[in-house]
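**Student:** Have a look at this one.
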Amino acid sequence: MKRIIMVCVALAIFSITGQQAFARGNAARVRALEIELGAAMITPTDKIDFDKNKVGYNIDVELRYNLKSHPFDIGLRLDGNTFNRELKVNKDLFKFRSLNAMVVADWNINRKGIFSPFLGVGIGGGLTSNESMSIKDVTNQPLKQTVNSAAFCIMPRVGVELFHHYRLTFYYKYLESANSHFGLSVGFVIGGGRK
């Protein structure tokens with residue numbers, strides 16, 4: 001809960017800064033469409049009943065439309081992620097994966113500059129897969145057990161765009177307690193930028 005509060009406070013600070021920057025006329029004309037290809041290091045938010053969380057990864061692609069008269073963009077994000085948790089007994093590993101589709105929106109600050117902070121949110125759904133190798137059969141060999149489910153997804157994020165083509169983003173993705181995680185993403189933007 002403390003982590004969620006910290007993310008909300010960061011979003012509020014960026015929002016206030018963004019309103020002040022836009023009021024000073026920092027909105028700039030930009031190309032309408034852009035696509036971002038990104039990769040992130042992620043870490044689960046909770047150990048649940050496990051002994052250890054392991055760092056995982058996320059791959060994403062995002063198509064965004066930049067509004068001309070406002071410092072906002074809207075778009076569609078598709079991503080997939082995976083990470084492991086471990087039980088010390090027999091060093092059993094449990095894999096947690098999800099595929100997600102979200103509608104995203106960002107508030108861009110100082111769009112005309114080479115250093116442009118942003119804050120945003122994504123809302124959508126995900127398909128999760130939780131895989132266990134800890135169950136043994138009669139010959140003491142591990143059996144794979146997989147549980148698949150659908151889940152609501154929300155993702156607040158803050159970040160910065162550099163030189164109109166590179167994005168560094170910190171986000172929190174809530175799916176369900178087992179698959180929720182923090183991520184630090186590096187993205188490359190094709191299109192976009194100033195006209």
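**Student:** Among the residues of the stretch 132-150, are any of a type in the set (A, V, I, L, M), modelled with pLDDT of 95 or more and under 24 Å from ALA39 (Cα atoms)?
**Tutor:** no
**Student:** Moving on. Could you run through the stretch 15-32 and say how many residues are open to solvent by 90 Å² or more (accessible area, probe 1.4 Å) and modelled with pLDDT of 75 or more?
**Tutor:** 1
Per-residue answers, yes or no, for (1) touching a Gly at 6+ places or on another chain (Cβ under 7 Å); (2) among the small types (Gly, Ala, Ser); (3) under 20 Å from ARG167 (Cα atoms):
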position	(1), (2), (3)
PHE83	yes, no, no
ASP92	no, no, no
LYS95	no, no, no
ALA101	yes, yes, yes
ARG111	no, no, yes
SER116	no, yes, yes
VAL121	no, no, yes
GLY126	no, yes, no
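Each row is one residue, and each column tells you yes or no for (1) part of a strand (DSSP E or B); (2) polar (S, T, N, Q); (3) open to solvent by less than 20 Å² (accessible area, probe 1.4 Å).
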residue: GLU34; (1), (2), (3): yes, no, yes
residue: MET41; (1), (2), (3): yes, no, no
residue: TYR57; (1), (2), (3): yes, no, no
residue: GLU62; (1), (2), (3): yes, no, yes
residue: TYR65; (1), (2), (3): yes, no, no
residue: ASP73; (1), (2), (3): yes, no, yes
residue: ARG97; (1), (2), (3): yes, no, no
residue: ASN100; (1), (2), (3): yes, yes, yes
residue: ASN110; (1), (2), (3): no, yes, no
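**Student:** Let me ask something else about it. Can you tell me which residue in the stretch 43-55 is least open to solvent (accessible area, probe 1.4 Å), limited to those that are touching a Lys or Arg at 6+ places or on another chain (Cβ under 8 Å) and of a type in the set (Val, Ile, Thr)?
**Tutor:** Let us first name the residues in the stretch 43-55 that are touching a Lys or Arg at 6+ places or on another chain (Cβ under 8 Å), namely 44-45, 47-48, 50-54.
When the remaining residues are screened for being of a type in the set (Val, Ile, Thr), the result is 45, 48.
Details: THR45: 32, ILE48: 71 Å².
Residue satisfying both the conditions and the ranking: THR45.
The values are calculated or read from the model by the stated rules, or taken from the named source; none is laboratory data. From a predicted model like this one, the values you see are computed outputs, not experimental measurements. FYI the Cβ positions are ideal-geometry reconstructions off the backbone, even for glycines, and counts take in every protein chain you see. What goes into the accessible areas is simple: the full protein's heavy atoms, side chains included, and nothing from ligands, DNA or RNA. Shrake-Rupley method; radii C 1.70, N 1.55, O 1.52, S 1.80 Å.
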